[in-house]
Amino acid sequence: MSDISDELRKFTNTYHLNSLQIYELKRIADRIDAEMAELPRAADGPIHLDDTVFTKDDPGTSWGVRYIELSRDREPSIGIESGGVNTYRPPSCLTHERPDSWERIADELDEWRVHAAGDCRIKVTDEDIVHDLADRIRKLAKKEDR
């Protein structure tokens, strides 16, 4: 049951309605329960139109959710678009968080190096960045050892 249908049923018990009104509201509540579909879920939560998602097979590219096709016969298909390229993926292939990769870590190290250029002292925030990158490298290495 959905929250909407529960509210309608509660409404019929709370207010002075005639039997036809009660019947119609309960019929609508039943239809809501029968016809509402749960949103498909990515690895980290429900997928909505216009969400930005990442795929497991191309973790560096961000995709915009353009379509959600639901079918009773099979798993939903999510229509995604990036740079004029459109494709469909099952929800299980998608995540809202950009997956970590060696390339991403290298890009962030390059970025950090550019910002730190000219200053030979390592600041506290720089130390935090270095420790964070080291932890991410260890996690990726451990993941690949599986």
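The values are calculated or read from the model by the stated rules, or taken from the named source; none is laboratory data. Please read all numbers here as calculations on a predicted model, not as lab measurements. FYI the Cβ positions are ideal-geometry reconstructions off the backbone, even for glycines, and counts take in every protein chain you see. Each accessible area value is taken on the protein alone, full model and side chains, heavy atoms only, with ligands, DNA and RNA left out. Shrake-Rupley method; radii C 1.70, N 1.55, O 1.52, S 1.80 Å.
A few points about this structure:
- Here E69 meets each of (1) without any contact (Cβ under 8 Å) to a residue 40 or more places away in the chain; (2) open to solvent by less than 50 Å² (accessible area, probe 1.4 Å); (3) among the charged types (D, E, K, R) with one exception, condition (2).
- Count - residues of the stretch 102-125 that are at pLDDT below 70 and part of a helix (DSSP H, G or I): 6
- Test: D50 is open to solvent by 60 Å² or more (accessible area, probe 1.4 Å) and either of a type in the set (V, I, T) or farther than 29 Å from A141 by Cβ (or both): yes
- G83 surrounded by 13 or more Cβ atoms within 10 Å (Cβ to Cβ), of a type outside the set (A, V, I, L, M) and out of contact with any Gly (no Cβ under 7 Å at 6 or more places or on another chain): no
- For the residues S77, S82, S71, the requirement of being out of contact with any Pro (no Cβ under 8 Å at 6 or more places or on another chain), among the polar types (S, T, N, Q) and at pLDDT 85 or above singles out S82.
- R104 vs. criteria among the basic types (K, R), in contact with a Phe, Trp or Tyr (Cβ under 8 Å, 6 or more places away or on another chain) and in contact (Cβ under 8 Å) with a residue 12 or more places away in the chain: no
- Number of the exception - I78 against (1) open to solvent by 90 Å² or more (accessible area, probe 1.4 Å); (2) closer than 18 Å to E38 by Cβ: (1)
- Selection over the stretch 1-26 of residues that are open to solvent by less than 90 Å² (accessible area, probe 1.4 Å) and either among the charged types (D, E, K, R) or in contact with a Phe, Trp or Tyr (Cβ under 6 Å, 6 or more places away or on another chain) (or both) gives a count of 4.
- Meets criteria (more than 29 Å from I137 (Cα to Cα), open to solvent by less than 40 Å² (accessible area, probe 1.4 Å) and in contact with a Pro (Cβ under 9 Å, 6 or more places away or on another chain)) for P91: no
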